[in-house]
Amino acid sequence: MDLFDLMSQGREDKALDRLEGMLALYESESEAEQDEALERARAFCDLEWGSYPAGLEVLARRCATRKGDGAEAAMQALRLHEEGAKPGSIIRAVRLSRLREMSRVDERAAVIERYGSIEAVLRPTDFETVFISAASSGGSVAEIEAAVAAAQPMPAGIEAARMEALRWEARLRHMELVAEPETQPPVLPPACAARHRLVEEAWRRGLPVASIADFSARLEYWSGRGREDCSGYAVLAADFETLAQGLSIRGTAPSTKDRARALKEANPEWSLARIGKELGISRQAVHKHLKGAAVSPAK
C-alpha cells in the first residue's frame, strides 16, 4: 500500500468515525436530535460516498471485520444494512423500544395498585390456593392433575377453557412485571401450572367443537401458538367437519312454518294461540304461517 493509499484509508477511517458519531445520536433522548442526526448523516454520506446506503455499506463492512466483537459486530453490520435500505429504521426501533418500556412501567404500576403491594402480587391468590390445597399431598404428575381437575369444575367448552388458560397466563405476567430483574423468572405454583396445562390442552384439542365460537377459539390457539409440525391443521380440519355436520343437521330440521302446519293438521281443533304457545311464537305469526294451508286456521 503506497502513501496515497494510506492517506486515502486514513481519510475514510476518519469519515467513518464521524459517521458513527452521528449514528450514535440516533439513540438520543430527544426525538428532534434524532431527526437532526439522521438528516446530517444522510447529507454527509451523499457528500463522502454518493448516497446514504453506500456510506452505511462501507461502515457495515468495517463493523463486520472488527476483531473481538464477534456476534455483536455482525448484528451491528446487519442493522446498518437495514438502515441503508430503510432510512430511519434504527430511530424507529429505538422509539418503539422506549414506548414498550414506558408501557411496561405503566402496566407494572397498575398491577401493584390492583393487588395492593408487590408482596401481594407474588403471593398465591385465593383462586390459586384452592388448587394448591387440593394437590398438597403431592404424588405423581397424574395424581396432581387429577386433584386440580377435581378441585374446580373443568371448563365445559373450548371458549371457557381459553378464558381460564389466559387467566393463568395473565397471572404469570403480573408476577413477571414485579419480579426483580436479577432474580429467577417467577413461575406458577406446581398445582397451578398443572391446572394451566389441563385447560390449555382442552383449548388446544381436548374438547369437541360445539359452536362457531368454539371453532374461533381453537383457531386462535393454533394460529398464534401452533407448532411448526402443522399438527394444528388436522385438529382444525376435524373440528370443521364436526361443525359442518352439526350445521347440516340443524339446516335439515323442519322450519317453523312446517311445524305450525303439521301441528294444525294433527290438531285441527287447536287455536292459533295454542299453536303459537307450542312453538314459542305469536298468534299473528302462526296465522301468517298457516296462510294458504289446506286447513283453515281456527280463531
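The values are calculated or read from the model by the stated rules, or taken from the named source; none is laboratory data. Everything quoted here is computed from the prediction, not taken from an experiment. Positions of Cβ are backbone-derived with ideal geometry, glycine not excepted, and every protein chain shown enters the neighbour counts.
Just name the residue that is farthest from Ala151 (Cα to Cα) out of those in segment 198-219 that are surrounded by 15 or more Cβ atoms within 10 Å (Cβ to Cβ), modelled with pLDDT of 90 or more and not hydrophobic (A, V, I, L, M, F, W, C).
Applying the filter and picking the extreme gives Arg218.
Give me the pairs, please: first residue somewhere in segment 55-83 and closer than 17 Å to Arg11 by Cα and in the same structural domain as Leu16 (by TED's automatic domain parsing), second residue anywhere and modelled with pLDDT of 90 or more and among the charged types (D, E, K, R), beta-carbon distance under 7 Å, and either six or more positions apart or on two chains.
Sorted first by the residue in segment 55-83, then by its partner, the pairs are Gly55/Glu48; Leu56/Glu83; Leu59/Glu20.
Among the residues that make up segment 22-31, is at least one of them of a type in the set (Asp, Glu) and free of Cβ contacts under 8 Å to residues at least 12 places away in the same chain?
yes
With Glu101, Glu107 as the choices, which residue is without any contact (Cβ under 8 Å) to a residue 24 or more places away in the chain and among the acidic types (Asp, Glu)?
Glu101
Test of understanding: among Ala93, Ala41, which residue is under 30 Å from Val178 (Cα atoms), within 39 Å of the chain's Cα centre (by Cα) and surrounded by 15 or more Cβ atoms within 10 Å (Cβ to Cβ)?
Among Ala93, Ala41, only Ala93 is under 30 Å from Val178 (Cα atoms), within 39 Å of the chain's Cα centre (by Cα) and surrounded by 15 or more Cβ atoms within 10 Å (Cβ to Cβ).
Within segment 280-299, which residues are surrounded by 13 or more Cβ atoms within 10 Å (Cβ to Cβ) and modelled with pLDDT under 80?
Ala293, Pro297, Ala298
Being among the aliphatic types (A, V, I, L, M), under 20 Å from Ala210 (Cβ atoms), touching a His at 6+ places or on another chain (Cβ under 8 Å) and touching a residue at least 24 places away in the same chain (Cβ under 8 Å) narrows it down to one of Ala161, Ala165, so name that one.
Residue meeting the stated conditions: Ala165.
Checking the condition crowded, with 16+ Cβ neighbours inside 10 Å and at pLDDT 90 or above, which residue from Gly116, Gly84, Gly88 passes?
Details: Gly116 fails: crowded, with 16+ Cβ neighbours inside 10 Å; Gly88 fails: crowded, with 16+ Cβ neighbours inside 10 Å.
The unique qualifying residue is Gly84.
Of the conditions (1) modelled with pLDDT of 95 or more; (2) farther than 17 Å from Arg123 by Cβ; (3) not polar (S, T, N, Q), Trp168 satisfies every one except a single condition; which number is it?
Result: Trp168 fails condition (2) only.
For residues in segment 139-155 being in contact (Cβ under 8 Å) with a residue 12 or more places away in the chain and in a loop (DSSP other than H, G, I, E, B), which is farthest from the chain's Cα centre (by Cα)?
Taking segment 139-155 and keeping what is in contact (Cβ under 8 Å) with a residue 12 or more places away in the chain, we get 141, 144-145, 147-152, 154-155.
From what's left, in a loop (DSSP other than H, G, I, E, B): 152, 154-155.
Working: Gln152: 26, Met154: 23, Pro155: 21 Å.
Among them, the one singled out is Gln152.
Which of (1) exposed (fewer than 13 other Cβ atoms within 10 Å of the Cβ); (2) in contact with an Asp or Glu (Cβ under 8 Å, 6 or more places away or on another chain); (3) modelled with pLDDT under 85; (4) not hydroxyl-bearing (Ser, Thr, Tyr) is the odd one out, the single condition Leu263 does not satisfy?
Going through the list (1) exposed (fewer than 13 other Cβ atoms within 10 Å of the Cβ); (2) in contact with an Asp or Glu (Cβ under 8 Å, 6 or more places away or on another chain); (3) modelled with pLDDT under 85; (4) not hydroxyl-bearing (Ser, Thr, Tyr), Leu263 breaks only (1).
Listed here are the residues, each with its yes/no results for (1) in contact with a Pro (Cβ under 8 Å, 6 or more places away or on another chain); (2) among the hydroxyl-bearing types (Ser, Thr, Tyr); (3) at pLDDT below 90; (4) surrounded by 11 or more Cβ atoms within 10 Å (Cβ to Cβ).
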{"position": "Phe4", "(1), (2), (3), (4)": "no, no, yes, no"}
{"position": "Ser8", "(1), (2), (3), (4)": "no, yes, yes, yes"}
{"position": "Glu12", "(1), (2), (3), (4)": "no, no, yes, yes"}
{"position": "Leu23", "(1), (2), (3), (4)": "no, no, no, yes"}
{"position": "Gln34", "(1), (2), (3), (4)": "no, no, no, yes"}
{"position": "Asp46", "(1), (2), (3), (4)": "no, no, no, yes"}
{"position": "Tyr52", "(1), (2), (3), (4)": "yes, yes, no, yes"}
{"position": "Gly70", "(1), (2), (3), (4)": "no, no, yes, no"}
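Take the residues in segment 173-192 that are assigned to a helix (DSSP H, G or I) and surrounded by fewer than 16 Cβ atoms within 10 Å (Cβ to Cβ), then tell me which one is nearest to the chain's Cα centre (by Cα).
Arg173
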